[in-house]
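The block underneath contains the structure these notes are about, expressed in structure tokens.
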Amino acid sequence: MSPYALSMLMSSLAVGTIVTLSSHHWFLAWMGLEINTLAIIPLMTKMHHPRATESATKYFLTQATASALILFSTTVNAWMTGEWTIMNMTNPTPTVILTLALAIKLGIAPFHLWLPDVLQGLNMLTCLILSTWQKLAPMALMMLTSHQLNTNLLIAMALMSTIIGGWGGLNQTQMRKIMAYSSIAHLGWMILVISFAPSLALLNLLIYLVLTSSMFLMLMTLNSTNTNKLSISWLKTPTLAASMTVTLMALGGLPPTSGFLPKWLILQEMTKQHLEALSALMAMSALLSLFFYIRLSYTISMTSPPNISNSSLTWRKKKNLTYVIPILIIMSATMMPITPTLLLLN
């Protein structure tokens, strides 16, 4: 792809998200979401492969459906209330439609089926953008309207997302599909707490962005797209392979990594709201995700590839690592000590 076209598309991605984040009018927010969608589709199809075309088509159809529902719900709300303000979603019918539309955009269960298939047909960089940057605008709209959304609907979708996100990733061998189901499970934790404590949902989103970005950047560096290729990663870069196990444990939510922090605070908030049974179900559903993260860690650290070459060229090959990856790895592992500060901010 031409560098000029690439820079224009990346700028359009940034502009679309910023327009949505800074808008108070529903039509302007919808326009930012549309700019976002139209900017990423050429990035998806730049590989000129049938799987990439299929992924772009599936993505376009689901996002167009969600955008139409958002426009419909906001138009009905404006017809009932006389206002286009984002914070004024008082009628229950357009609010439920809006919740479902944002769930489709984010890939929250039961509207999650497009996400693993779309990610599987893309390259790692586009998967990174789709799993991180593209979540910001819909999640921001969900946070702005969180005090007016249907809490029971959010709780049901959150529980379904964590169970399906954990269950769906158990039998996967492709890293992109595993990361897609990981994204579904993490989004479940975010929308669970969004109507009770939006600040905790924002903290969870930030930690999710750090963990997912570090994981995708490491997979890009090691050129690992499935578990078989992951098993020879220690031959290429042993230090990075060891760091990946720490990031996987953080994604699973094991202490003392950063991934434990949002789960702990969310479960604490749920018990304060007297939802002990729901907290227990969420904690048990997190064990499903933890299983396949541990399985990947076992693949990286304790298995050998079928054919080990006698040459040491692979082992001595130098990788051009950027400074971003070590920073993200450190943040993935060492954010637990700032928990008292975060609790004071809440």
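The values are calculated or read from the model by the stated rules, or taken from the named source; none is laboratory data. Remember, it's a predicted structure, so these values are computed and weren't measured experimentally. All Cβ positions, even for glycine, are placed from backbone atoms using ideal geometry, and neighbour counts span all protein chains on display. Remember, those area values only see protein heavy atoms, side chains included, never the ligands or the DNA or RNA. Shrake-Rupley method; radii C 1.70, N 1.55, O 1.52, S 1.80 Å.
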- Message: Condition first: in contact (Cβ under 8 Å) with a residue 60 or more places away in the chain and small (Gly, Ala, Ser). Now tell me which residues in region 163-179 satisfy that.
- Response: Gly165, Gly166, Gly169
- Taking Ala185 and the conditions (1) in a loop (DSSP other than H, G, I, E, B); (2) modelled with pLDDT of 95 or more, which numbered condition does it fall short on, given that it satisfies the others? (1)
- Message: Looking only at residues that are open to solvent by 10 Å² or more (accessible area, probe 1.4 Å) and touching a residue at least 60 places away in the same chain (Cβ under 8 Å) in region 150-162, which one is nearest to Leu192 (Cα to Cα)?
- Response: Ile155
- Query: Is it the case that Thr85 is touching a residue at least 24 places away in the same chain (Cβ under 8 Å) and in contact with a His (Cβ under 8 Å, 6 or more places away or on another chain)?
  - Reply: yes
- Query: Going through region 48-63 one residue at a time, which ones are out of contact with any Gly (no Cβ under 6 Å at 6 or more places or on another chain) and farther than 22 Å from Leu154 by Cα?
  - Reply: His48, His49, Pro50, Thr53, Ala56, Thr57, Lys58, Tyr59, Phe60, Leu61
- Query: Of all residues in region 100-116, which are more than 15 Å from the chain's Cα centre (by Cα) and either at pLDDT 95 or above or surrounded by 24 or more Cβ atoms within 10 Å (Cβ to Cβ) (or both)?
  - Reply: Leu100, Ala101
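The rows are residues; the columns are (1) surrounded by 15 or more Cβ atoms within 10 Å (Cβ to Cβ); (2) modelled with pLDDT under 95.
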{"position": "Met1", "(1), (2)": "no, yes"}
{"position": "Ala5", "(1), (2)": "no, yes"}
{"position": "Leu9", "(1), (2)": "yes, yes"}
{"position": "Trp26", "(1), (2)": "yes, yes"}
{"position": "Ala52", "(1), (2)": "yes, yes"}
{"position": "Ser67", "(1), (2)": "yes, no"}
{"position": "Ile70", "(1), (2)": "yes, no"}
{"position": "Asn77", "(1), (2)": "yes, yes"}
- Task: Considering each residue of region 239-263, count those that are surrounded by fewer than 20 Cβ atoms within 10 Å (Cβ to Cβ) and free of Cβ contacts under 8 Å to residues at least 60 places away in the same chain, and give that number.
- Result: 4
- Matching residues in region 186-202 - criterion: being surrounded by fewer than 24 Cβ atoms within 10 Å (Cβ to Cβ) and more than 17 Å from Gln273 (Cβ to Cβ): Leu202
- Task: Considering only region 227-253, state which residues are farther than 17 Å from Met331 by Cα and among the aliphatic types (A, V, I, L, M).
- Result: Leu230, Ile232, Leu235
- Query: Applying the selection to region 1-46, what residues are more than 19 Å from Ala64 (Cα to Cα) and either polar (S, T, N, Q) or not in a helix (DSSP H, G or I) (or both)?
  - Reply: Met1, Ser2, Ser7, Ser11, Ser22, Ser23, His24, His25
- Note on the structure: Within region 117-132, the residues that are more than 24 Å from Ile163 (Cα to Cα) and open to solvent by 10 Å² or more (accessible area, probe 1.4 Å) are Asn123, Met124, Leu125, Ile129
- For Thr90, the lone unmet condition from (1) modelled with pLDDT under 95; (2) under 22 Å from Ala39 (Cα atoms) is (2)
- Report, by residue number, each residue of region 264-313 that is part of a loop (DSSP other than H, G, I, E, B), open to solvent by 80 Å² or more (accessible area, probe 1.4 Å) and either modelled with pLDDT of 90 or more or β-branched (Val, Ile, Thr) (or both). His274, Ile308
- Query: Can you name the condition, by its number, that Thr93 falls short on among (1) part of a helix (DSSP H, G or I); (2) under 22 Å from Ser213 (Cα atoms)?
  - Reply: (2)
